[in-house]
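Working notes, structure below.
The values are calculated or read from the model by the stated rules, or taken from the named source; none is laboratory data. Values in this document were obtained by computation on a predicted structure and should not be read as measured data. FYI the Cβ positions are ideal-geometry reconstructions off the backbone, even for glycines, and counts take in every protein chain you see.
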Amino acid sequence: MLIQLITGGLAIGSVYALIALALVLIYKGSRLLNLAQGELVTIAAYFSLAILTQARLPYLAGLVPAVILAGVFALIVERIVIRPVVSSEEWSILLATWGVSITIRGLIGLIWGHEPRPLPSPFTGQHLHWGAYALSAQEMVIIVTSLFMLLIFYLFFKGTKAGLAMQVVADNQMGASLCGISVGRINALTWMISGMVAAVAGITISPIFFLQVEMGFELLLSAFSAAVLGGFGSIVGAIIGGYLLGIIQAVTGGYMPEAIKSSVPFALLILVLVIRPTGLFGKAGVEKK
Amino acid sequence: MKKSLLVTVISGIIVGLGCLGISLAMAGDPGVTKTTIKIGSNMILTGSAAYWGQGSDKGARAYYTYINEMGGIHGRKIEFINSDSQFKPAQAVAAIKKLIEKDEIFILMGMQSSVCILAAEKVFGEAGVPLIAPITMHRQLVDPPRKYLFVVFTEYWDQAQYMVDYMAKEARWKNLKFAVIYQDDDFGKEGLAGLEDGVKKYPSMQVVAKESFAPGAKDFSSQVLKCKQSGAQGLFLSCVTAQAAMMIKEAEKIGWKPLFMVHSATADDKLIELAGPATEGALGVTNVVIPSSEKDSPPVKKATEIIHKYYPDQAIDVPTIDGIAMAMITVEGLKKAGPDLTRVKLIEALENMKNFETGLVPPVTFGPNNRQGCRGALLYQIQGGKFVRLK
Amino acid sequence: MNAPLNRNRILWALLAICLLLIPLGMSNYLTYLINLSGIYAIAIIGLNILMGRGGQMFFGPVALMAMGAYGAASLANHLNFPFYISIPLSGVITSILSLTIAFPALRLRGLYLAMVSVGYHFILEQIIGGWDSFTGGYNGLNLKKASLGGIQLASDKAFYYIILLAVVLCFLGARNLMKMRVGRAIWALGQDPVAASIQGINVTSYKIAAFMVCAFYCGISGGLLAHYLRYITPYHFTIAIAIMLLVGMIVGGWGSLGGSIMGGFFVTFLPEVIGFFKDSFLGASVALYDAQETISGILIIVVVIFIPKGLAEWVKEFKSRWSYHQREGGDSDR
């Protein structure tokens, strides 16, 4: 049973890892916590629903435009809402992103309604077996696509000019702009990538969990816990944190009463922040007022 | 300067609307005029069970509009004011308070979610506003019976018993080991109690596993796994559709194919839509006909006609049929109460309702001490991707 | 010298009379909304002391309200305490229980504290939902009607006076607290903790004090809610409400006590106003909840961008500009 639980945990862990990655990316780039990150996941999933049902494209062909749309959407949000407040107090920015999150939820409710919808996927209903253990094909898709995204991301970050520029901005905004890097453009790019990463998470998880207006917020909280676990501010940490959280959650669920299982991400969060605020991989001194 | 202007405008609007609200609140009468009757309701219009509220809302509304077009009831047109509970008792209480004190409705009908109704009863019970034909059922709603609360549906407890009694007579099921996954509140626990009490009557059956979940939970991997490991052959799900579907898919994923069983809160086409072919063979016990399975029966055809007249795109599913059936019963009560319409007269009229046939639920009978309109249930099984009635 | 003082006195007296007479002319429903505003205003005052003045980013006031609510409910149900004892006592209990978050909070700042407090809120929500025997779980908990010397006080109007009294006491209490040493230390702590400790202020003690005061206020707020609604569930204490309290605090004015009261009204009346707009312009078929969410979200964004200092600040500006026209000289009160 343990192994079965762990494999299940890996799948949800991949989703946490992707969203945590998106969160940390924005944090490193603009020093703000994007409370609307969950909604970027949701809106991407709904985009893909619209594309797959209206245009009747096969699953993978529908994925790509949805991811791109999500990236553009994130870009628009950054321009309209984040730009004007980026120099205000931390509070204001946090609240602005919360405002975005509420607005998106409201709009999705208005446009698509609140019924849970399944996302059509060719992998539904199929499974892979190893002896007594099973993994649904969709979960496999989640794990594989996440690893693929992470790989692409790694290459981008380390290997391209834009990626390197992002690293510089993350480290030192002032210095970066002195070097002639357009901080504004890099921030926009960061948001776009965040949106796209979140999109992949949302689209791959929807066939299993069904699309619902509220799906983003819960994922956000878990992803945040994952990011903190790994050390908020460390991209590698966020990813590992995601997988770890998924597995811990699944395993505790198997052996402990229900009420405790849902508290796991939060309890872990508090524990980590109190005992080792920098997380497993964070650098010391990353605290802010 | 600009900021202050914006703030002034916003404050001005809020104050102005506040005053308007005050004056509106002062006008009004208790829901009945020479020309209108105000009927209020509170349904699950948003949230994961939203298709219940949306469907029932349309069903009821279509019927009221139809009645209005035919001249109304003793010359009065029905104004139907619905509200959202989001499946949360706190919201329901606030919404009912608003309906009674601000909108000043005459009666309530078709409310959903027993937990919400029990919570809101504090408000409508004390205000003396009758609730007719809620679209849900719970033992506590009829025990003890209240003068102002007329329940139509069979309890989940009775439904589960009905199903177990049926199964005990079938060779293939009479030695079944049951597992139950239930929502951790009164709604879920009632189904659990019904099943357990039913199984107790038959020594060859037993309940080998019980798992619960918090309302709104999305992940059931551990519960389903534990049920599988218990060796159960049947899985009874005491919850709403979305979650039942997720659990069925979870079982499918881990390669477990028990006999799934659901009750009326879940037994409808949405389940098949969400969970797919894994639902094949599942049993559903209901207190209302499943319209997709009874498309040709005259009452279902008539109901479909009425609903499609005003909502041509509305799917004719269980929630919608619930809505129209409960509206029919409400209207019948209002008709019988006569032109001199008061709450007392309506209650009297309902108490005299005997075997009122909607064709969509079993015949409805109330009495001076009887607030449970229907007894008995219907059993369906999913065969070939559709619900089929078992005789 | 006496003229402006007399004028002020007359204005206050007028205000007091208005406040006392208002409920007689209003519908129950409007009274209900005003009562809720008052209850939330008390919680926002607490939040303002901790966050607005003390600078601690705390998302957990609603968790503290929940403690206060369930605490008061238990005291009333199991020990038969009357409401005027169960509510303050529950405030004290909540204050003590808040140490469970105050101590971890000492090590955290800014964003991290914010997120821990969110986590704290959620864990508490789970506890309330899961601890059926004590809290009634998701079915909720009922309370008996509040009574004073044998008379039952359950109507909206009766509670209007109770809540009015509570708000006045809390407001005055907070104002005096802020003027005392504790208050000034908390404020210094909020401005710059390093400078404060250099000046000899024991940052640790005052941080904890700020938490406990906030918890007391939130606990009272929760206790009032419990006795007024006579029915509480975990759904009364969601994170969404916590965030609305925060927005209310910001709209009313960071650190402003008068603004807290405005904030309370904002939190309660905003959904109603939006509902009104929606019905008039968009019609009944559009889902209210979604329209509310969308408009609330846009409103929050607009508020954050355009009114960062809050309504109370704006009112002060207005007042000082007005009194500048009346006479020359410096500002009146601060």
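Conditions (1) among the charged types (D, E, K, R); (2) assigned to a helix (DSSP H, G or I); (3) closer than 30 Å to residue B:224 by Cα, marked per residue:
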site	(1), (2), (3)
A:100	no, yes, no
A:110	no, yes, no
A:114	no, no, yes
A:123	no, no, yes
A:146	no, yes, yes
A:149	no, yes, no
A:154	no, yes, no
A:163	no, yes, no
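Filtered by the rule that a residue be surrounded by 24 or more Cβ atoms within 10 Å (Cβ to Cβ) and under 23 Å from residue B:100 (Cα atoms), the range B:38-49 gives B:39, B:40, B:41, B:42, B:43, B:44, B:45, B:46.
The residues on offer are B:253, B:309, and the sole one that is under 29 Å from residue A:216 (Cα atoms), basic (Lys, Arg) and either surrounded by fewer than 24 Cβ atoms within 10 Å (Cβ to Cβ) or within 14 Å of another protein chain (Cβ to nearest Cβ) (or both) is B:253.
Just name the residue that is farthest from the other protein chains (Cβ to nearest Cβ) out of those in the range B:42-84 that are farther than 30 Å from residue A:209 by Cα and assigned to a strand (DSSP E or B). Filtering first and then ranking leaves B:73. For the range B:67-80, the candidate set comprises residues that are touching a residue at least 40 places away in the same chain (Cβ under 8 Å) and surrounded by fewer than 19 Cβ atoms within 10 Å (Cβ to Cβ); within that set, the residue that is nearest to residue B:332 (Cα to Cα) is B:74. In the range B:105-112 there is no residue that is surrounded by fewer than 22 Cβ atoms within 10 Å (Cβ to Cβ), closer than 28 Å to residue C:30 by Cβ and under 17 Å from the mean Cα position of the chain (by Cα). Considering B:368, B:339, B:363, the condition of being within 24 Å of residue B:317 (Cα to Cα) and surrounded by fewer than 18 Cβ atoms within 10 Å (Cβ to Cβ) is satisfied by B:363 alone.
In the range B:116-127, the residues that are in the same structural domain as residue B:45 (by TED's automatic domain parsing) reach residues that are among the polar types (S, T, N, Q) and assigned to a helix (DSSP H, G or I) with C-beta atoms within less than 7 angstrom, at least six apart or across chains, in these pairs: B:118/B:140.
Considering A:76, A:68, A:93, the condition of being within 21 Å of the chain's Cα centre (by Cα) and crowded, with 22+ Cβ neighbours inside 10 Å is satisfied by A:93 alone. Restricted to the range B:291-391, the set of helices (runs of 4 or more DSSP H) holding at least 3 residues that are assigned by TED's automatic domain parsing to the domain that holds residue B:67, within 30 Å of residue B:148 (Cβ to Cβ) and among the charged types (D, E, K, R) comprises B:318-337, B:343-351.
Quick test for you: out of A:250, A:188, A:238, pick the one residue that is within 14 Å of chain B (Cβ to nearest Cβ) and in contact (Cβ under 8 Å) with a residue 40 or more places away in the chain. Answer to the selection: A:250.
Annotation note: Cβ proximity below 7 Å between a residue of the range C:5-28 that is in contact (Cβ under 8 Å) with a residue 12 or more places away in the chain and a residue that is in a helix (DSSP H, G or I) and of a type outside the set (Ser, Thr, Tyr) (sequence gap 6+ or interchain) occurs for C:19/C:164; C:23/C:157; C:28/B:101; C:28/C:156.
If you scan the range A:12-52, which residues turn out to be among the small types (Gly, Ala, Ser) and buried (at least 24 other Cβ atoms within 10 Å of the Cβ)?
Those that are among the small types (Gly, Ala, Ser) and buried (at least 24 other Cβ atoms within 10 Å of the Cβ): A:13, A:14, A:17, A:20, A:22, A:36, A:38, A:44, A:45, A:48.
Has the range C:10-22 got at least one residue that is in a loop (DSSP other than H, G, I, E, B) and either away from chain B (no Cβ under 14 Å) or at pLDDT 90 or above (or both)?
Looking for residues that are in a loop (DSSP other than H, G, I, E, B) and either away from chain B (no Cβ under 14 Å) or at pLDDT 90 or above (or both), one finds none in the range C:10-22, hence no.
Applying a threshold of 6 Å to beta carbon distances and a minimum spacing of six or more residues, or different chains, the list of pairs starting in the range B:213-224 at a residue that is more than 7 Å from chain A (Cβ to nearest Cβ) and ending at one that is of a type in the set (S, T, N, Q) reads B:215/B:183.
Would a scan of the range C:147-159 turn up a residue that is crowded, with 20+ Cβ neighbours inside 10 Å, within 28 Å of residue C:17 (Cα to Cα) and either without any contact (Cβ under 8 Å) to a residue 12 or more places away in the chain or within 14 Å of chain B (Cβ to nearest Cβ) (or both)?
Yes.
Residue C:103 - would you say it is farther than 26 Å from residue C:165 by Cβ, aromatic (Phe, Trp, Tyr) and part of a helix (DSSP H, G or I)? Taking the combined requirement at face value, the residue satisfies it.
Inspection of the range B:14-33 identifies no residue that is among the polar types (S, T, N, Q), on the phi < 0 side of the Ramachandran plot and modelled with pLDDT of 90 or more. Consider residue C:166 carefully, then state whether it is within 21 Å of residue C:29 (Cα to Cα), touching a Leu at 6+ places or on another chain (Cβ under 8 Å) and surrounded by 14 or more Cβ atoms within 10 Å (Cβ to Cβ). When the stated conditions are applied, residue C:166 passes them. Here is the figure for the range C:113-140: residues that are under 30 Å from residue A:228 (Cα atoms) and in contact with a strand residue (DSSP E or B) (Cβ under 8 Å, 6 or more places away or on another chain) total 0. Residues in the range B:142-162 that are surrounded by fewer than 24 Cβ atoms within 10 Å (Cβ to Cβ) and of a type outside the set (Ser, Thr, Tyr): B:142, B:143, B:144, B:145, B:146, B:147, B:149, B:157, B:158, B:161. Scanning the range B:226-249 for residues that are farther than 22 Å from residue B:86 by Cα, within 9 Å of chain A (Cβ to nearest Cβ) and buried (at least 22 other Cβ atoms within 10 Å of the Cβ) yields a single hit, B:249.
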